[in-house]
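K.L.:
Just passing along the structure, written as structure tokens.
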Amino acid sequence: MTKRIDVLKTYKIFIDGKFPRTESGRYYTLSNNGKGIANICLSSRKDVRNAVVASRKAFGSWSGRSAYNRAQVLYRIAEMIEGRRDQFVAEIISMGGSKNAAENEVNNSIDRLIYYAGWCDKINQVFGAVNPVASSHFNFSLLEPMGVVGIIAPADYSLLGIVSAMLPALAAGNPVVVLASEQKPLCSVTLAEVLATSDVPSGVVNILTGNTSELIPHLSAHMDVNAIFYCKNNPKEINQIQLAAVDNLKRIVLSKNSDWNNSAHETPYYISDFMETKTTWHPIEQIAGSGSGY
Amino acid sequence: MSKKIEELKFSGEWDLAPAPESTNHISVKKEYQLFIGGKFVKPKKGKYFSTINPATEKKLSSIAEASKEDVDRAVKAARKAHSGVWSSTSAKERGKYIYRIARLIQEKSREFAVIESLDGGKPIRESRDVDIPIAAAHFFYYAGWADKLNYAFPNQNPSSLGVAGQIIPWNFPLMMAAWKIAPALATGNTVVLKPAETTSLTALKLAEVIQEADLPPGVVNIITGAGATGSDIVNHKDIDKIAFTGSTGVGKIIMKSIAGTAKKSTMELGGKAANIVFEDAPLDQAVEGIINGIYFNQGHVCCAGSRLFVQESIYDTLLRKLKDRMQSLIVGNPLDKNTDIGAINSKEQLGVINKYLSLGKKEGADMFQPSCDIPSKGFWCAPTLFTNVSQSHAIAKEEIFGPVLAVQTFRTIDEVITKANNTPFGLSAGVWTDKGSKVFNLTSKMRAGVVWANTYNKFDPTSPFGGYKESGHGREGGLHGLAPYLKF
Amino acid sequence: MNLSFNTLDSPSVDKVGIEDRIARVKARSIKKEAKIKGLKLALNMIDLTTLEGIDTENKVKQMCYKARHLHDVYADLPSVAAVCVYPNFVKTAVNELKGSAVKVASVATAFPSGHSSLNIKLEDTKIAVDSGADEVDMVISRGRFHKGDYGYVFDEIAAVKAACGKARLKVILETGELGNYDKVRKASDIAIYAGADFIKTSTGKIQPAATLPVTLVMLEAIKDYYYKTGKMIGMKPAGGISNAKLALHYLIMVKETLGNKWLTNKWFRFGASSLANDLLMQLMKQKTGVYQSTDYFSKD
């Protein structure tokens, strides 16, 4: 009897809810201990451009959804990852990791999703304010989503890295363009498959694989990107982003703690980092005042 | 005007055929036990009472009646669960249990909706589109708070109170259970909950969901019975907190019972809300808001907009629009998808409403009801409005808890603020005007816990709800709804 | 010029509130005999429409034949209310529909944009009327309306009405270009007071075309006018109503807003082309109990 031949998986990028190959047609080979695992798309600046266009298009609908609905959509991702747990664990192990660590990483990823899902409809209850101005006005401040957020995922984490990096911006109501970990990209592509079959609208999450140092200049200089979340530790890249971001005054957020299993990465301050504060003034007529039955 | 304009007619030409919601997918047991310590157990004294369908007066099921011993068992189970498991369960895992409950309610939403309408008489449109989704949303919202309490109350290091005794009314059975249980669990308390005796079924279905969600035994206990059972809960020594929703009369009895004890309380009591329409209001939407304010859930709503104040310049127009709209309301079978007004919850409540209808007429007000076909069996009341009403009429002062609207007029904003606040209640109010500055004037002057502007009877888990004055104390919903279940 | 229409006091409309009302309309469930009656009623209210650059006499003839023979295998079907064409096809349509109950409606006044001089618009109207149109569907000058030149809009409608003679005038507000419900209400009031027999939502050339909330705002304007004057005005939503379920919800809204008197094609119309076949398919489904395929219904 002939031995059955496995069907190998093609790993593609994720733009606007679809799975194209990179526009450039290039690839790199991911390997572990000298053994090739898969060929991964080497995305180009044009892929970055397309991803930003898709994100911008998705901004209105994602930011306009009720916070409750966004919470449910994020919660649904957690349910879907739970269903693909074995695949994620296997992928993490294949890229070099113990079974224990892999399981731990998947558990933490799911719980982190739940954590941030819960913030969607609470962030403004904690960070918003009614301001007691001295004049006859009702004055309140609310946090609103910022726009398209570019995310450079942590280099040495697979699932937990990308999930933790994209969640704060998503919970805030922003669409994201994620540059996946170059060293550990498998889970990012599988996560894209999860997102494509969950309730996340097209274009809200776009995931590019490839050489991050090649893509960072294009993403951080893009005039239609409003913020960058940088989750690596390369001072040269940080400096590059800081300079490129000046032209449209992109907000830059740097993650300060590189242990992504640490619960310090569960904080609403990451969410507020990707929101703008808007204050509204509205008159209160004072016709009645005294003499009324108040 | 030279010729008389013929009034419009809204029925008789093209009437809707019956569109009943199917009941073949629901499961209602013949007999329900008490849910104590994670199990369904028979009542110690073996007593049961019947729950009926108020639309047909037919019996639906037998419900266990909890005695003092049963209450004690439930409180003991709750105490054991609190000190044994629940207080040491991590906040995150606690949250995940609550999320499970939310999801299970969503999955079984249609079954819950049908049973709610069967048992309580409310239209399926409301149980399906309002009660059940809001109940699920409440669990979903509070699940998220479980591991975030330090952000809600910074520098307070909040911790749970212990065992909460919760007593809920018959107007929104599952929704009220959710309003009570969700924040209590999120804050780490365990609960003993008693639904109202006419509407126990969905609370008992919720007990099944809690079992299915695999909550540790005793974290939620649901026991059934009437006022005596409620009184046993209130007076139990090992309860840390009483959360009550119901009439102001019973609320006062409870407050007296717990006076001198360490028990904390939240009281969500009666109301007699003013719904105020100014001449610059979007009139057609105001009409819809008035309808929704008073005829939603047969008017069995503590925050119902039962006192309508109309500025005199638009009185005739508004009343004409309102009466026209009332003609198109459909009264009847709660399970029919087209029903707008279902059955009155109980014979007793129908008696109360009818007493006020005759009182209103006796006091000299003019009663209007659209003509509608009312079934022969069951408890029914057509949508009703009274005009020619003054502040001193009983129908303008007392909570009727039925589909009865008392209409008054006003001329100035000062006058209407005075009249609206001229009540011992203070749960809610409504204001209709196109002018934002007037809205905020009104919201700052109303002595009421919730003010709706250009809308009415909106509820959301993120939004605190509760009253001023004799409408109770404490808030449910939102961040504020966590505080009554925490010590700092 | 009638100055009062620059200061006409139309009531304001709250968007969120009206959408809440629409949600209740859409929750209505129309079953069994009520459904059959509703479907037939809707069929009888259709203005079967072709308003394309590529229209030809043959196309108009085919549509007129369809108007008279909706689905001959189904006995006792009502006909549609009217066909709606460009002025140069009115004669053809009148000829084809002779002896039937189906009326001929013509668009006019530089349809669809309305950008032309009043003289040309009146001439356009006269051509339609002289060719035998029973009804004229005009467009209002939306540019003037947005400039706040309500008097102009009013006078123009009044002038076209005068040119219509016996033909009934439908005034298209093109609500998709008006921006909000307050403007829809304002334009409705202007059209009604200027002499419209019908007010109509859309040309079908602009998205969004007819919607339930926009139609409800217009129905309320009609109702307020009725209670002020005792006069009935007709309503025609047009464009975007392509399935039976939606058409039935429109009828529910008419029934619950204006009542029984408007439930006839004298006072309510649908401007639509593909709606007819969906209504027919639903009627056949009610009759046979099985879901239908479009292959069995002629597309003209």
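K.L.:
Among C:117-129, A:200-212, A:25-37, how do they line up by average Cβ neighbours within 10 Å per residue, starting with the highest?
P.N.:
Details: C:117-129: 18.1, A:200-212: 23.5, A:25-37: 11.8.
Ranked from most to least packed, the peptides come out as A:200-212, C:117-129, A:25-37.
K.L.:
Could you work out the relative contact order of chain C? I mean the mean sequence separation of Cα pairs under 8 Å and 6+ apart, divided by the number of residues, in percent.
P.N.:
The value is 20 percent.
K.L.:
Taking a quarter of the surface of the convex hull around the Cα atoms of the range B:274-460, what do you get in nm²?
P.N.:
Answer in nm², one decimal: 10.3.
K.L.:
Continuing with the same structure: With N set to the residue count of the range C:14-294, report its C-alpha Rg divided by 2.2 N^0.38 Å to two decimal places. Working shown, then result.
P.N.:
Values: Rg = 18.1 Å, N = 281, 2.2 N^0.38 = 18.7 Å.
For the range C:14-294, the normalised Cα radius of gyration comes out at 0.96.
K.L.:
Now a separate question. Roughly speaking, what is the centre-to-centre gap between the range A:75-119 and the range A:27-46 when only Cα atoms are used, to the nearest Å?
P.N.:
Their Cα centres are 22 Å away from one another.
K.L.:
With axes computed from alpha carbons, what is the tilt in degrees of helix B:436-445 against the longest principal axis of chain B, rounded to the nearest 10 within 0 to 90?
P.N.:
60 degrees
K.L.:
Helix A:45-64 versus the longest principal axis of chain A: what angle, 0 to 90°, nearest 10, using Cα atoms?
P.N.:
40 degrees
K.L.:
Next question. Expressed as a fraction of 2.2 N^0.38 Å, the rule-of-thumb size for a compact globular protein of N residues, what is the C-alpha radius of gyration of the range A:47-160?
P.N.:
Its radius of gyration relative to the 2.2 N^0.38 Å reference: 1.42.
K.L.:
If the viscosity is 1.306 mPa s and the temperature 10 °C, what Stokes-Einstein diffusion coefficient in µm²/s follows for the range B:92-230 when Rh is the Kirkwood radius over Cα pairs? Don't jump to the answer; show the numbers that get you there.
P.N.:
On the way: Rh = 15.0 Å.
D = 106 µm²/s.
K.L.:
Let me ask another. Amide H neighbours of A:E276 under 5 Å, counting only residues 5+ apart in sequence or on other chains, H built in-plane at 1.01 Å?
P.N.:
A:E144, A:M146
K.L.:
Go through A:154-162, B:267-275 and give me the packing order, highest mean Cβ count within 10 Å leading.
P.N.:
Taking the mean over residues of other Cβ atoms within 10 Å, the ranking is B:267-275, A:154-162.
K.L.:
Turning to a different aspect of this structure: Kindly write out, for the range B:12-20 in residue order, the coupling ³J(HN,Hα) from the Karplus curve 6.51 cos²θ - 1.76 cosθ + 1.60 (θ = phi - 60°), rounded to whole Hz, with x marking Gly and Pro.
P.N.:
x, 8, 9, 8, 6, 7, x, 9, x
K.L.:
For chain B, what does the helix formula give at 222 nm: sum of -39500 (n - 2.57) over DSSP H segments with n ≥ 4, over the residue count, nearest 500 deg cm²/dmol?
P.N.:
Theoretical 222 nm ellipticity from helices: -11000 deg cm²/dmol.
K.L.:
Oh, and also: Can you compute the FRET efficiency between A:D247 and A:K57 using 1/(1 + (r/R0)^6), with r the Cβ-Cβ distance and R0 = 25 Å? Round to the nearest 0.05.
P.N.:
Working from the Cβ atoms, E equals 0.65.
K.L.:
Report, to one decimal in Å, the Kirkwood hydrodynamic radius for the range A:72-223 based on all distinct Cα pairs.
P.N.:
Numbers: mean 1/r = 0.0600 Å⁻¹.
Result for the range A:72-223, one decimal place: 16.7 Å.
K.L.:
Just to confirm my numbers, what's the Cα centroid distance between the range C:81-122 and the range B:187-257 in Å?
P.N.:
Measuring centre to centre over Cα atoms gives 70 Å.
K.L.:
When the gyration tensor of the range B:1-49 is built from Cα positions, what are the square roots of 5 times its three eigenvalues, in whole Å, from largest to smallest?
P.N.:
55, 17, 10
K.L.:
Please report, in whole Å³, the volume per residue of the convex hull around the C-alpha atoms of the range A:206-290.
P.N.:
So the per-residue hull volume is 183 Å³.
K.L.:
Treating the angle as unsigned and between 0 and 90°, give the value, to the nearest 10°, between the Cα long axis of helix B:68-84 and the longest Cα principal axis of chain B.
P.N.:
So the helix axis and the longest Cα principal axis differ by about 70 degrees.
K.L.:
How do C:M281, A:M223, A:M1 line up, fewest other C-beta atoms within 10 Å first?
P.N.:
A:M1, A:M223, C:M281
K.L.:
I need the Debye-formula profile for the range B:171-219: one equal scatterer per C-alpha, no solvent, reported as log10 I(q)/I(0) at q = 0.14 1/Å, two decimals.
P.N.:
Those come out to -0.33, one per q.
K.L.:
Per residue of C:220-232, count partner chain C-beta atoms within 10 Å of its C-beta, then hand back the mean as an integer. Present the calculation step by step, with values, prior to reporting the outcome.
P.N.:
Numbers: counts 5, 1, 0, 5, 5, 0, 3, 8, 3, 3, 6, 1, 0.
Per residue, the average neighbour count from other chains is 3.
K.L.:
Based only on the alpha carbon positions, what is the Kirkwood hydrodynamic radius of the range B:134-198, in angstrom? Intermediate results must be reported in sequence, preceding the final value.
P.N.:
Numbers: mean 1/r = 0.0798 Å⁻¹.
Over the range B:134-198, the inverse of the mean reciprocal pair distance is 12.5 Å.
K.L.:
To continue, here is another question. Tell me, what is a quarter of the convex hull surface for the C-alpha atoms of the protein assembly as shown, in nm² with one decimal?
P.N.:
Working: hull surface 206.6 nm².
If I average the Cα hull's projected area over directions, I get 51.7 nm².
K.L.:
Something else about it: Would you calculate the volume per residue, in Å³, of the smallest convex hull containing every Cα atom of chain B?
P.N.:
Numbers: hull volume 71.4 nm³, N = 488.
Considering the Cα atoms of chain B, their hull volume per residue is 146 Å³.
K.L.:
For the range B:132-204, state which chymotrypsin sites (Phe, Trp or Tyr not before Pro) are in a DSSP loop and have at most 14 other beta carbons lying within 10 Å of their beta carbon.
P.N.:
Passing both the DSSP loop test and the Cβ count: no residue.
K.L.:
Another question about this same structure. Write down the radius of gyration of the range B:75-133 and its Dmax, each obtained from C-alpha positions, in Å.
P.N.:
Here Rg and the maximum Cα pair distance are 15.9, 42 Å.
K.L.:
Hey, got the average number of other protein chain Cβ atoms within 10 angstrom for residues in B:94-104?
P.N.:
Average neighbour count from other chains, rounded to a whole number: 2.
K.L.:
Just tell me how shielded C:256-269 is by partners: mean number of partner chain Cβ atoms within 10 Å of each residue's Cβ, no decimals.
P.N.:
That works out to 3 on average.
K.L.:
Here is a follow-up. Quick one: Cα centre-to-centre distance for the range A:1-22 and the range B:272-348, in angstrom?
P.N.:
First find each Cα centre; the distance between them is then 59 Å.
K.L.:
Take every Cα-Cα distance within the range A:27-282, group them into 5 Å bins from 0 onward, and report for each bin the whole-number percent of pairs it holds.
P.N.:
Going from the shortest bin to the longest, the percentages are 1, 6, 14, 18, 20, 17, 12, 6, 3, 2, 1, 1, 0, 0, 0.
All of the numbers you see were taken from the coordinates with simple rules; none came from a lab. Since this is a predicted model, take the numbers as computed values, not measurements. Heads up, the Cβs are rebuilt from the backbone with ideal geometry, glycines too, and the neighbour counts pull from every protein chain shown.
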